[in-house]
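Engineer: Input: one structure, supplied below.
The values are calculated or read from the model by the stated rules, or taken from the named source; none is laboratory data. Only a predicted model underlies this, so the values are computations on that prediction, with no experimental measurement involved. Neighbour counts are summed over all protein chains in view; Cβ atoms, including those assigned to glycine, are modelled from backbone coordinates with ideal geometry. SASA here: full protein model, heavy atoms, side chains in, ligands and nucleic acids out. Shrake-Rupley method; radii C 1.70, N 1.55, O 1.52, S 1.80 Å.
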Amino acid sequence: MKSYSCWIQSSLFARYADRVSTTSRDVARVAGVSQSTVSRVLQNRGNVEESTRQRVLKALEDTGYVPNLQARAMRMRRSGLVGVVTGSITNPFYPELLDGLARALAGADLRMALWTADEPASSTVAVQAIQGGAADGLIFTTATPSDPALREAVAQHLPIVLVNRSISGLHCDQVTSDNVAGGQLVAEYFLAHGRTEVAVVGGSDLISTGRERRQGFVSAMAENGIEIPPHRQPECDYTHDAAVNVGLELLGHPNPPSAVFCVNDLVAFGIQDAAFRLGVAVPDALWVAGYDDIPMAAWDRIDLTSVRQPIESLAKVAVECLLKRITNPDEPYEHRRFGAELAVRGSTAGAPPPPDAI
């Protein structure tokens, strides 16, 4: 098992690390107000005149004041730390999501601890951090139904939020894109341009994102009379090398597809490379579309059409849900789904999407 944890401090604290000795009393002296007034401004309480608030805010900026997190944690009985549990970060999507989570947490004056591992043991360590008071809550980015630590945390009503992946029937807050609709979006796009010899790559039934994206694509094709044969629905690990191997077999078949939908961008990169090795011209002979629209998808040499997830919104709402759960543990659970849009590029010849897909 490979596992590690690391502490990620917000840029706010790093920037002012050399001035942490500044106290709220110093701020009060600079602003010409009482220390209790500074406290009310820091807590965003409404009983402060706007002119006074602005004076305190300017003094906070001028002095480089950084809240004493340890003292605040003791007062509020919180650690000020949120754990994030993720799987392999070799998929470029996850660093993008983690970056969004880090910014959202920093905006709430919270720190982030990251656990990542090839085995579920990291989830156990993260859950123990909540139980021991070292973390206030957990955000899972790669949750699976087989994770016993996750299910135990939910059974204990610990503050847990799933973001990106979801688990049906699990009693916790979940934040995802509408993966089924995203898969349908690609199917409708292919159909609108006469691409009916299609394939879909990836999508294990154990992982919600791939399963739902595949489901949306396959069902939309079926509704239009296109049945996708089993050999054009191969599963593969979410790695570039696995996707290349699947692509070589799929595109080397006597009856290859003319368009391939990949359930994430990393898989799509592998299919593009397989096409290159076989001399299959993209987009002339083959269209390729992915999902996530990570920044690499827009690179000139990749130029991948992809379903764009609102990663920043997913991260922001996940943090909001967790904070609400920490503060109000008895609130009803919710599953927030965000719509997706198609980012069209050269891997599908830049062909415009249907009007309702824009």
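Engineer: Could you work out, for the range 236-358, what percent of all Cα-Cα pairs fall into each 5 Å distance bin, beginning at 0 Å and stopping at the bin that holds the largest distance?
Structural biologist: It works out to 2, 11, 18, 18, 14, 10, 9, 7, 5, 3, 2, 0, in whole percents.
Engineer: Starting from 0.36 nm per residue, how many nanometres of slack lie between Leu206 and Glu152 once their C-alpha separation is accounted for?
Structural biologist: On the way: separation 54, 0.36 × 54 = 19.44 nm, distance 1.88 nm.
Additional length available on full extension: 17.6 nm.
Engineer: I've got another one for you. Return the tail of the calculated pair distribution for the range 168-308, meaning the percent of Cα-Cα pairs more than 27 Å apart. Could you put the intermediate results ahead of the total?
Structural biologist: On the way: 1349 of 9870 pairs.
Value for the range 168-308: 14 percent of Cα pairs lie more than 27 Å apart.
Engineer: Something else about it: Report the residue, chosen from Gly225, Gly169, Gly100, that carries the largest GNM mean-square fluctuation when the chain is represented by alpha-carbon nodes joined by springs under 10 Å.
Structural biologist: Comparing Gly225, Gly169, Gly100 in a Gaussian network model of the chain, the most mobile one is Gly169.
Engineer: Ok, one more. Just to be sure I understand the model, the point goes 7 Å from the Cα along the line to the Cβ. What's the resulting Arg29 to Asp99 distance in nm?
Structural biologist: 4.2
Engineer: Can you give the longest stretch of the chain with no exposed loop site, where a site means GluC sites (Glu not before Pro) in a DSSP loop (not H, G, I, E or B) with at most 11 other C-beta atoms within 10 Å?
Structural biologist: Working: sites that count: Glu49, Glu227.
Longest site-free region, per DSSP loop and neighbour criteria: 50-226.
Engineer: When the chain is treated as a GNM, springs tying every alpha-carbon pair under 10 Å, which of Ala222, Ala297, Ala199 comes out with the largest mean-square fluctuation?
Structural biologist: Highest fluctuation of the listed residues: Ala222.
Engineer: Can you pull a Stokes-Einstein diffusion coefficient for the range 88-221 at 25 °C (0.890 mPa s), Rh from Kirkwood over Cα pairs, as a whole number of µm²/s?
Structural biologist: Working: Rh = 16.5 Å.
It diffuses with D of about 148 µm²/s by this estimate.
Engineer: Counting heavy atoms of the protein chains only and a 1.4 Å probe, report the per residue accessible area for the chain as a whole number of Å².
Structural biologist: Numbers: 16950 Å² over 358 residues.
Per residue, the chain has an accessible area of 47 Å².
Engineer: For the chain, what D do you get in µm² per second when you plug the Kirkwood radius from alpha-carbon pairs into Stokes-Einstein at 25 °C and 0.890 mPa s?
Structural biologist: Translational diffusion coefficient: 109 µm²/s.
Engineer: Report in % the part of the accessible area of the range 21-63 that belongs to carbon and sulfur, leaving out ligands and nucleic acids; probe 1.4 Å.
Structural biologist: Numbers: 1220 of 2730 Å².
The value for the range 21-63 is 45 percent carbon and sulfur by accessible area.
Engineer: Would you mind computing, in nm to one decimal, how far apart the modelled labels at Asp237 and Ser313 are, each placed 7 Å from Cα along Cα→Cβ?
Structural biologist: Here the modelled spin labels are 3.4 nm apart.
Engineer: Further, regarding this structure: Which helices count as membrane-span-like in the chain under these terms: full DSSP H, at least 27 Å along the axis by C-alpha, Kyte-Doolittle mean of 0.5 or more?
Structural biologist: none
Engineer: Moving on. Using a Förster radius of 25 Å, what is the FRET efficiency between Ser168 and Glu331 based on their Cβ-Cβ separation? Nearest 0.05, please. Walk me through the intermediate numbers first.
Structural biologist: On the way: r = 20 Å, r/R0 = 0.81.
After rounding to 0.05, the efficiency reads 0.80.
Engineer: Here's a follow-up. With only alpha-carbon atoms counted, please give the Rg and Dmax of the range 98-155, in Å.
Structural biologist: Cα only, the range 98-155: 11.8, 33 Å (Rg, Dmax).
Engineer: If you don't mind, there's one more thing I want to ask. Grab the Cα-Cα distance for Ser36 and Glu249, subtract it from 0.36 nm times how many residues apart they are, and report the gain in nm with one decimal.
Structural biologist: Numbers: separation 213, 0.36 × 213 = 76.68 nm, distance 6.98 nm.
Between Ser36 and Glu249, full extension yields 69.7 nm more.
Engineer: While we're here: Calculate the FRET efficiency for Thr52 and Ala108 from the Cβ-Cβ distance with a Förster distance of 25 Å, rounded to the nearest 0.05.
Structural biologist: Calculated transfer efficiency: 0.55.
Engineer: Quick one: Kirkwood hydrodynamic radius for the range 21-63, alpha-carbon pairs, angstrom, one decimal?
Structural biologist: Numbers: mean 1/r = 0.1012 Å⁻¹.
This gives a value of 9.9 Å.
Engineer: Could you work out which residue, out of Lys324, Lys316, Lys58, moves most in a Gaussian network model of the chain, that is, has the largest mean-square fluctuation with Cα springs under 10 Å?
Structural biologist: Result for the chain, Cα springs under 10 Å: Lys58 fluctuates most.
Engineer: Rounded to two decimals, what ratio of Rg to Rh does the range 286-358 give with C-alpha atoms and a Kirkwood Rh? The partial results should precede the final answer.
Structural biologist: Values: Rg = 16.9 Å, Rh = 14.4 Å.
For the range 286-358, the value is 1.17.
Engineer: Then there is this: Given labels modelled 7 Å from the Cα in the Cβ direction, how far is it in nm from Glu223 to Gln131?
Structural biologist: The modelled label-to-label distance comes out at 4.5 nm.
Engineer: How big is the range 150-207 by the Kirkwood estimate over distinct Cα pairs, in Å?
Structural biologist: 14.1
Engineer: Among the DSSP beta bridges whose two residues both lie in the chain, what percent are antiparallel, rounded to the nearest 5? Don't jump to the answer; show the numbers that get you there.
Structural biologist: Details: 9 of 40 bridges.
Approximately 20 percent, going by the DSSP bridge assignments.
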